[in-house]
1. First compute the accessible area of the range 133-233 with a 1.4 Å probe, then give the percent of it belonging to carbon and sulfur atoms.
2. Using the Kirkwood formula over every pair of different C-alpha atoms, what hydrodynamic radius in Å results for the range 4-161?
3. Straight-line reach only, C-alpha to C-alpha below 24 angstrom: list the lysines that residue 229 could link to, leaving out same-chain residues fewer than 8 apart.
4. At 0.36 nm per residue, minus the direct Cα-Cα distance, what do residue 188 and residue 23 gain on full extension? Give it in nm, one decimal, please.
5. In units of 2.2 N^0.38 Å, what is the alpha-carbon radius of gyration of the range 235-350?
6. Given the rule -39500 (n - 2.57) for each run of at least 4 DSSP H residues, summed and divided by the residues of the chain, what is its mean residue ellipticity at 222 nm, to the nearest 500 deg cm²/dmol?
7. Treating each Cα of the range 301-348 as an identical point scatterer and ignoring solvent, apply the Debye formula and state log10 I(q)/I(0) at q = 0.28 Å⁻¹.
8. Apply the Debye scattering formula to the range 267-334, with a single equal point scatterer on each alpha-carbon and no solvent, then give log10 I(q)/I(0) at q = 0.13 Å⁻¹.
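The values are calculated or read from the model by the stated rules, or taken from the named source; none is laboratory data. Bear in mind that the values here come from a model prediction, so they are computed numbers and not experimental data. Here the Cβ positions follow ideal geometry from the backbone for every residue, glycine too, while neighbour counts run over all protein chains shown. Just the protein is used for accessible areas: all its heavy atoms, side chains included, with ligands, DNA and RNA removed. Shrake-Rupley method; radii C 1.70, N 1.55, O 1.52, S 1.80 Å.
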Amino acid sequence: MPIARILRETAIGEIRWVAFDTTARPVALHLERLSDRQRRAYLGDTLDARLRAIQPRQGGGFVELLSGENVFMRLDEGHGLTEGQNLHVEVVAEARRDKLARVMKAATNATQNQDRDTRWRMALPGAGSVSVEDVSIGDGEITAAWDEALSGSVTLPAGGTLHIQPTNALVAVDLDTSGRNDPGRAAARALRINTEAAQELARQASLRNLGGAMVLDCVSPINRESGIKVRDAFLSAFKALSHRKVRALAPSAFGLMEASVAWGAAPLADRLLTPDGEPTDETLCLESLRQLQREAVAQPMARLTLSLPRRAFEWMTASRLDLQAQLNETFGARLTVLPYDHSKPDIFQT
């Protein structure tokens, strides 16, 4: 069974889950934010909607959810639908950067009968019987998993590095073997390294919610037989972690292994980071509040003040989520949040 543990961290404003495999490596993440509950469609949601416009040239139509979110639905010829018609739809791919969420028409009697986190857990092969462990705010394993999922590079278990670069067209993955000294003949070394890289790419695609076209630049030498083994290693590793549709080709003459993975949940980076790779205002605010909560637990009698970077403080005020009231309800009136004209938060006793 690939999924051995699932951890949950509940903080003010968001809840984070991490699933670990039998080698204690994180393989899947799930995030639910308080700000998303009324305005963001999650994978697997069944929702009431209205067909706003049919676009034959695009092969579908634009649909408006009751929340106001616009999504896209593919339509076959002879679909029989009309603009303005009320629909019941299911979300099959979440919105991601510059892309609308995608839906399909749901069954007439379809109802929402599972929590979002339950649906996420049930979609992980073998995870249905794994219990969820609640951990303290700022748990090291959860923090490390989140940091890994947002990193541009990851170290392979036996040495070497994968550099992962999502672009508008595809996910480009470069394999760097610097500092790795494998024994044996060149062909055997290359096969070992490429296989490990392909398996790691599968884990990272699951962990980061990556989809679409992916290209792994393998190391040489690589022949047809070894290329097939590398491709099969990727497919086997990914199918052990996800039910999403996946296809892959053996590396080309140039050593490039191409893969295509169906989209599902939005990439974590799209939700947490700006296009420049910096934390969004919301991410910075909630991460700072998480640090404050961790300190409040560690110092149960202390009065603490969080100096929050001004852009994050302005998001907190504009969100109307009343996060300060939630802090007061949990910790009493001993935590204060103030705006601060620096880029990083600061916590001190008052």
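1. Details: 2250 of 4620 Å².
Within the range 133-233, the accessible surface is 49 percent carbon and sulfur.
2. Working: mean 1/r = 0.0558 Å⁻¹.
About 17.9 Å, per the Kirkwood formula over Cα pairs.
3. Straight-distance partners of residue 229: 239, 245.
4. 56.9 nm
5. Working: Rg = 21.1 Å, N = 116, 2.2 N^0.38 = 13.4 Å.
With N residues counted in the range 235-350, Rg over 2.2 N^0.38 Å equals 1.58.
6. Numbers: 8 runs with 99 residues, N = 350.
Calculated from helices alone, the mean residue ellipticity at 222 nm is -9000 deg cm²/dmol.
7. Calculated log10 I(q)/I(0) at the listed q: -1.07.
8. One equal scatterer on each Cα of the range 267-334 leads to -0.41.
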